[in-house]
Each structure stands twice: as structure tokens, then as C-alpha cells.
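Okay, so here's the structure we're looking at.
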Amino acid sequence: QGLKPLAPSDYPHLIFGTSKPAPGLPPVDPFLGKNKVPDLQKVFQRSDGLPVHLKLGYPDKLLYRTTMALTIGGTIYCLVALFIASQPKKQ
């Protein structure tokens, strides 16, 4: 009887450890399309003076400005709420 080992001595076979495609599936998924990483690397590594979070043009600018507006608006809202909450209540 005594102590039993915590880990089993026989490990199961790896599920994701093979380079073979699963049976019944095509070797390449048709929905993956073209690899866009090299093109994006060229865009992001271009030295044009723009920060990384603004390199993709108008959509990035729109998201950045929206985030800044929400941040500033939220800060102002919190400061006003704190000011109102700190005022003594009149009876």
C-alpha cells in the first residue's frame, strides 16, 4: 500500500504534437487567405515619424481621438461628481 506516485508513469500521446493534418480535413484551410504579416511589417517599420498606434491612417486616428475624448470626458465627469459629493447637504 504506502504512498502512490502523484503523476502517472504513462503519459498520454500529444494531441497537438504532430505536423500532419487531421484526417478528413484539407491540408490548408481555405478561409485563411493570404498572409498579411509581411505587408503589415513594412507599414509599421516605415520611418515616417508617426507613432505605431497611428500608422494605419484614418481608422487609427478616429479610434485614438474617440479614446482621448472618452478619457477626458470621464475625468471631467468624475471631478464634477466628486465636487458635488463633497458639498455639505443643506437641511
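Here the spin labels are modelled as points 7 Å beyond Cα on the Cα-Cβ line, and at TYR77 and GLN41 they lie 4.2 nm apart. Extension gain for the segment ILE84 to LEU62, taken as residue separation times 0.36 nm less the Cα-Cα distance, is 4.7 nm to one decimal. Sorting LEU79, LEU3 on solvent-accessible area from highest to lowest, probe radius 1.4 Å, gives LEU3, LEU79.
The values are calculated or read from the model by the stated rules, or taken from the named source; none is laboratory data. In this text the structure is predicted, and so the values were computed from the model without any measurement. So basically every Cβ, Gly included, is an ideal-geometry build from the backbone, and we count neighbours across all protein chains shown. Calculation scope for accessible area: heavy atoms of the full protein, side chains included, ligands and nucleic acids excluded. Shrake-Rupley method; radii C 1.70, N 1.55, O 1.52, S 1.80 Å.
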